[in-house]
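K.L.:
Provided herewith is a single structure, encoded as structure tokens, for subsequent inquiry.
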Amino acid sequence: MRLDAHRVRGNGHEIHLGPIEFNVLRLLLETPGRVFKRDELIGAAWPANIHVGPRTVDVHISRLRKALQAASSTFVIRTIRSAGYSLEWPDD
């Protein structure tokens, strides 16, 4: 992930992400394994003047998963029921 250029690459392929998905991925990559509540993701990824509901996060996580699956299977975004989302390394 190149923060300055807002670019993400996986397995030699460019991963095209919207600004919200980019911000969510950045937060997840900063602390893999940590469970982020939907409200935390909203606070980190959306502008302060935009109001979104918690379920909007689910839509963007789904988009992010699809984009990442197409280019890389290095890590997965795990759903933790009633808690939020976490970036996990696959089990060996």
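K.L.:
Considering only protein heavy atoms and a 1.4 Å probe, what is the carbon-and-sulfur percentage of the accessible area of the chain?
P.N.:
Ligands and nucleic acids excluded, carbon and sulfur reach 50 percent.
K.L.:
Can you compute 3J(HN,Hα) from phi for each residue in segment 8-18, using the Karplus curve 6.51 cos²θ - 1.76 cosθ + 1.60 with θ = phi - 60°, rounded to whole Hz and x for Gly and Pro?
P.N.:
Per residue, the Karplus-derived 3J(HN,Hα) values read 10, 10, x, 6, x, 10, 6, 9, 8, 10, x Hz.
K.L.:
Follow-up. For the residue pair residue 66 and residue 30, what label-to-label distance in nm results when each label sits 7 Å from Cα along the Cα-to-beta-carbon direction?
P.N.:
Roughly 2.7 nm, to one decimal.
K.L.:
What's the percent breakdown of Cα-Cα distances in the chain across 10 Å bins, shortest bin first?
P.N.:
For the chain, the pair-distance distribution reads 16, 53, 28, 3, 0.
K.L.:
I would also like to ask the following. When the Karplus curve 6.51 cos²θ - 1.76 cosθ + 1.60 is applied with θ = phi - 60°, which whole-Hz ³J(HN,Hα) does each residue of segment 25-34 get, with x for Gly and Pro?
P.N.:
Per-residue couplings from phi come out as 4, 4, 4, 5, 5, 5, 9, x, x, 7 Hz.
K.L.:
Here's another thing I want to ask about it. Between residue 80 and residue 1, 0.36 nm times their residue separation minus their Cα-Cα distance comes to what?
P.N.:
Length gained, residue 80 through residue 1: 26.0 nm.
The values are calculated or read from the model by the stated rules, or taken from the named source; none is laboratory data. Worth saying up front: this structure is predicted, and the values here are computed from it rather than measured. Quick reminder, even Gly has a Cβ in these numbers, built from the backbone with ideal geometry, and neighbours come from all protein chains shown. Areas reflect the complete protein model, heavy atoms only, side chains present, ligands, DNA and RNA absent. Shrake-Rupley method; radii C 1.70, N 1.55, O 1.52, S 1.80 Å.
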